[in-house]
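Working notes for the structure below.
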Amino acid sequence: MRKIINTAAIILLMGALPLFAQESVPEGVSGEELPVEAAVVTDSAENGGAVQDEAPGEELADKGSEEAEIEEIEFSSFPKELSLAGDFSAYITLPQRAVLDKESYSQKDFEILSADSDESGLNIEIKAVPFSLGISTFTALTFTAQDGTRYVSKAVNAEVKAVDTGIKDKKLLDIRSPYRPFNYWNIFWFLTIAALLAGGYMAYMRRRPYDKAALLKAFEEDKRPLDIIALDRLDHLLAGNLWNEGEYKAFYVNMIDILRDYLTLRFDVQAHNYTSRDLLRILKKTPEFKGDIRQLDELQRSADYVKFAKVEPTQAQRDCDISNMRSIIIDTRPPRLEGGSKDEIKEVEL
């Protein structure tokens with residue numbers, strides 16, 4: 001009995017469902033018009049029951065209306081013949097004010113120098129330079145207006161010719177072959193003459209007679225030994241003002257002159273006519289010279305740095321050089337005569 005009652009209840013419910021569905025539809029709306037005008041309801045499992053307010057067809061229509069308009073224009077004036085690397089001007093007229101796009105400046109056969117407009121802003125002067133011979137293509141230019149309208153010019157072909165130098169019919173004259181200044185024989189003869197001149201000058205300096213009278217003038221009345229006179233002259237040099245006044249070169253020149261005067265009279269050598277190296281070589285071969293060659297070498301090197309390289313010596317360097325000079329004079333002083341304490345200055349053949 002219970003089963004019969006349940007079955008009857010199910011049948012009644014199934015019959016009542018169509019009635020409930022008709023009551024849920026708004027008045028004046030038929031079942032066929034609902035899919036077109038009603039909002040589209042998506043599956044709750046996919047988007048949570050969201051309602052799409054706009055249809056796909058309406059969205060595409062809005063996008064199409066936003067696209068900028070493109071109009072094609074032509075140059076009002078463009079030269080048909082151009083010269084290679086020679087600038088030219090082309091003119092174009094726009095319906096409204098517009099600006100040349102940056103991408104249009106990139107050309108294959110041309111280089112755009114400028115794009116200037118007149119006061120109205122409609123007439124544009126394009127200045128460019130061709131860089132390719134023969135038929136060259138001036139590619140399209142694109143201008144963009146404030147309302148988004150784009151104006152595209154047509155590509156133009158122009159013939160680019162070489163520059164006429166005007167010397168094709170003139171007769172060219174031959175010129176001399178290039179002169180080569182660095183000829184090997186010229187260098188050889190130059191070096192040979194320079195060596196001969198240098199050798200002759202050195203020979204003259206070594207053989208010329210030294211001013212004997214000027215050298216012996218300081219020793220004519222003074223009968224003291226040569227070493228005593230040289231050391232006394234050195235003391236007078238130190239007592240002078242050359243060093244205190246910063247005259248280092250003059251100080252060392254006088255000091256070396258005192259030493260070479262002493263060596264000239266002591267060992268019968270023309271010390272003033274030799275370079276520092278040659279003087280060392282001569283004294284090494286002189287048996288009577290008992291001084292320290294290393295001290296003499298250091299003294300002359302120090303003096304050469306000051307005289308020729310303009311080196312400013314220190315107080316310590318000056319004292320060291322004075323000490324070396326005193327040691328050389330003392331170590332090489334002439335022997336004393338048995339009959340007295342004075343030496344006679346012997347004549348030196350110079």
- Item | R0 of 22 Å, Cβ-Cβ distance Lys223-Asp331: FRET efficiency to nearest 0.05 | 0.45
- Quote to one decimal, in nm, the extra length available between Ser76 and Asp257 on full extension: 0.36 nm per residue of separation minus the C-alpha distance between them. 55.7 nm
- Query: ³J(HN,Hα) across the range 192-197 via Karplus (A = 6.51, B = -1.76, C = 1.60, θ = phi - 60°), whole Hz, x for Gly/Pro?
  - Reply: 5, 5, 5, 5, 5, 5
- Hey, which of these cross-link pairs are over 23 Å Cα-Cα: Lys127/Lys161; Lys80/Lys102; Lys223/Lys285; Lys80/Lys108; Lys127/Lys154? Lys80/Lys102; Lys223/Lys285
- Task: Could you compute the FRET efficiency for Lys284 and Ala195, with r as their C-beta to C-beta distance and R0 at 22 Å, rounded to 0.05?
- Result: 0.25
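Where a number appears in this text, it was derived from the coordinates with a stated rule and is not lab data. All of these numbers come straight from a predicted model, not from anything done at the bench. So basically every Cβ, Gly included, is an ideal-geometry build from the backbone, and we count neighbours across all protein chains shown.
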